Amino acid sequence: METDGHPHVLKGDHKALQKRERVLALWKAVRWLLSFVKFHKGWMIVGIASAVAAAVIEVWTGSLIERLTTQAENGAGPVVTQLVYTVFVVILIGVPAKYFMAYGVEKSSARAVRDIRNHVMNHVGKLPVHSLEKQHTGDVLSRMNNDLQLIHQFMIRDLAQWFYHPLLFAGCFIYLIWIQWELMVYSLLLFPVSLFVSQWIGKQLQQLTEEAQANMGRMNANLQDTLGGMPVVKSYLLSGMMFRSYQSLLQLTAQKKLAVKKREAWVNPLLSTLMLSPIIFAVSYGSYLISQGLLGTGELIAFLYLLNLALEPLEHIPELITHTFEMSGALKRISAIVEEPAENQEGHAIERRSAPPVSFQAVSFAYEGNSLILKNLSFTVPEGATIALVGASGGGKSTVIKLLCGFHPLAAGQGTIQVFGQPINGCNLDALRSHFSVVTQDSFLFSGTVAENIGYGREGASMDEVIGAAKSAHAHSFIMELPEGYQTHVGERGGFLSGGQRQRIAIARAFLKDAPILLLDEPTSALDPQSEISIQEALNVLMKERTTIVIAHRLSTVQNADAIWVMENGEIAEAGTHAELLDKKGLYAKSYYQEFAGTEKRKEVMYT
């Protein structure tokens, strides 16, 4: 018996299960989409009511045409004149009805799409760091731009039509049956064929659209990598390879989109041909019925008018189905981001208390799929102390800061981290991070002005406070030499500034935040000696009366720390002051003399 590799699951049953899962996933995504529409239901109700009115008016016009033709045929002049005026008034009423049908639904949809964009952007901002690290930024941007654009086009272009066309078709269908049901049946014999064709092609379009959007995400990721790493690309002569990779993805994306257009190009003329057949059948069979005295001329004219109105929805509904399938692929990619669990913002607040600012208790941690980075790590940082973490790369130093900031949650049994004596597991992460000021090796600057980048340290800070923070960070003098001073734009990631200038702005941002705990992750390791001296002076001011954890490879920057902890393989191998560690003649002493001392001095040191 053939199975798909899963125990007790037949291959056919598994396919059926997958199909049900896809349908449920699509329905869930559509419900999520409609949840945004309901907040703007006022204009949606106006649009739907107008759609009903427009459909009724169209059918009413058909009945008036029937009466007008019949009365004209009978020579009833006064009645004809009255009916002509009535038709004219009804048509005038239909104009605002159609206007509000389109405007009401589209205004509601436009606001819903705006809310969706805001919701997705807000949710992405709340996603855990470890969740975002699994996805390439280019792919996330592609979903937020290209996929949302597809959804936007659908809601603005097609959502209103989903209300109008079915209502119009239903009204025309009922009236056509009332006029001559046999003629109606013969006229629409080929409609099920066109519906089947549109659904069949629509499913293919959904898959092709999903593949095209996924390829576009990878293409954007490739482009972002190339632009962001241009110095490396040029230094290692990677331009040709990156271009070929981009070209390959571009070609694949173009092929998928061309396949979509190819199927649309086939379905549109085919459906147009199928839509023409009812008119031909109606004229042929209707003429026969007139010759037999079973149908009046006025009835046939009204029938053809209403049939033409009914064919418009029949022609557009298959197209709406294909657009809906295209949109559903983009919708599933967007909803996949939104379904990612956000960071905890509802837990207990971490308050500043008379307790050690930072405490790790038997913390063991491994990144997903990797071996342990931290192994049963325990330590306590006293209030106002400066603790330096040193050691070889991969020892777990940066992981300590990531865990402390809540970027990666600790699972049960992995130990406890406390800030001011309160466990951070399950806490409100915004409240937790309000106690930290972080300065890293490559401090990120946003595309904006110098003042804006410093001002991000504390929302609502005044310009005087921004300038005061810059002065404390020894940044005011160079800022005033910039073309527009504090209003100078720093460029993407601060590209218009030197490394030292970027660091001083980052330090000014930390001054402005004025958090009680300072986290420094190799803030001077990428700077030249002169810049390092200037940055270190600013950091010394920032560290005063604050609890500080500093990670450093250059031991010259941590000699004055209250305690130096040497980390190796996720554990604290040595601990003490600079002098104490030199006396121990262990790992720290070895690293120190390798960095500073001469050959003869290194020979005198005995290592344990």
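Annotation: for a label point projected 7 angstrom from Cα along Cα→Cβ of Glu339, residues of the stretch 35-52 with backbone N closer than 17 Å are 35. The distance separating the Cα centre of the stretch 295-321 from that of the stretch 433-489 comes to 67 Å. Remark: the stretch 375-458 projects, on average over all directions, an area of 7.4 nm² (convex hull of Cα atoms). Spin-label model, Ala170/Lys471: points 7 Å from Cα along the beta carbon direction are separated by 7.2 nm. Within the stretch 271-403, the ratio Rg/Rh, alpha carbon atoms throughout and Rh by Kirkwood, equals 1.59. For Asn569 and Asn308, the FRET efficiency from 1/(1 + (r/R0)^6), where r spans their Cβ atoms and R0 equals 60 Å, is about 0.15. Rolling a 1.4 Å probe over the heavy atoms of the protein chains gives the stretch 338-410 an accessible area of 47 Å² per residue.
Step through the table entries Lys332/Lys375; Lys471/Lys584; Lys107/Lys261, compare each Cα-Cα distance with 31 Å, and write down the pairs that go over it. Among Lys332/Lys375; Lys471/Lys584; Lys107/Lys261, the Cα-Cα distance tops 31 Å for Lys332/Lys375; Lys471/Lys584.
Surface calculation, 1.4 Å probe, protein heavy atoms: Asp430 sits at approximately 90 Å² accessible. Given a Förster distance of 41 Å, report the FRET efficiency between Arg352 and Lys28 from their Cβ-Cβ distance, rounded to the nearest 0.05. E between Arg352 and Lys28, to the nearest 0.05, is 0.45.
Averaging the inverse of every distinct alpha carbon separation and then flipping it gives the Kirkwood radius. What is it for the stretch 382-423, in angstrom units? Answer for the stretch 382-423: a Kirkwood hydrodynamic radius of 12.1 Å. Compactness ratio for the stretch 80-181: Cα radius of gyration over 2.2 N^0.38 Å (N = residue count) comes to 1.76.
Highest mean packing first, where packing is the average number of other Cβ atoms within 10 Å per residue, the peptides 244-257, 38-51, 509-522 line up as 509-522, 38-51, 244-257. Subtracting the Cα-Cα distance of Tyr288 and Glu537 from 0.36 nm times their residue separation leaves 79.6 nm of extension gain.
Could you work out how much longer the chain between Tyr456 and Thr488 gets when fully extended? Use 0.36 nm per residue separation minus the Cα distance between them, nm to one decimal.
Values: separation 32, 0.36 × 32 = 11.52 nm, distance 1.56 nm.
The Tyr456-Thr488 span can extend by a further 10.0 nm.
At 0.36 nm per residue, and after removing the present C-alpha to C-alpha distance, how many nm does the segment from Glu21 to Lys590 gain when stretched out fully? Each step should come with its number before you reach the end.
Numbers: separation 569, 0.36 × 569 = 204.84 nm, distance 6.04 nm.
Once the chain is fully extended between Glu21 and Lys590, it gains 198.8 nm.
I'd like to know which of Gly395, Ala475, Tyr367 lies farthest towards the positive end of the charge dipole of the stretch 337-492, counting +1 on Cβ of Lys and Arg and -1 on Cβ of Asp and Glu. Toward the positive end, the furthest listed residue is Gly395.
Remark: accessible surface ordering of Phe496, Phe365 (largest first) is Phe496, Phe365, probe radius 1.4 Å.
Please arrange His348, His165 by accessible surface area, largest first, computed with a 1.4 Å probe and ligands excluded. Numbers along the way, then the final one.
Details: His348 75, His165 0 Å².
Accessible-area ranking of His348, His165, largest first: His348, His165.
Under a 1.4 angstrom probe, counting protein chains only, how are Arg31, Arg157 ranked by accessible area, largest first?
Sorted descending by solvent-accessible area, the residues read Arg31, Arg157.
Placing a pseudo-label 7 Å from each Cα along the Cα-to-Cβ vector at Gln251 and Gln153 gives an inter-label distance of 2.5 nm.
With both labels modelled 7 Å from their Cα along Cα-to-Cβ, the Val185 to Phe446 distance reads 6.8 nm.
The values are calculated or read from the model by the stated rules, or taken from the named source; none is laboratory data. Bear in mind that the values here come from a model prediction, so they are computed numbers and not experimental data. Here Cβ is always computed from backbone atoms with ideal geometry, including for glycine, and neighbour counts include all displayed protein chains. For accessibility, only protein heavy atoms count, side chains too; no ligands or nucleic acids. Shrake-Rupley method; radii C 1.70, N 1.55, O 1.52, S 1.80 Å.
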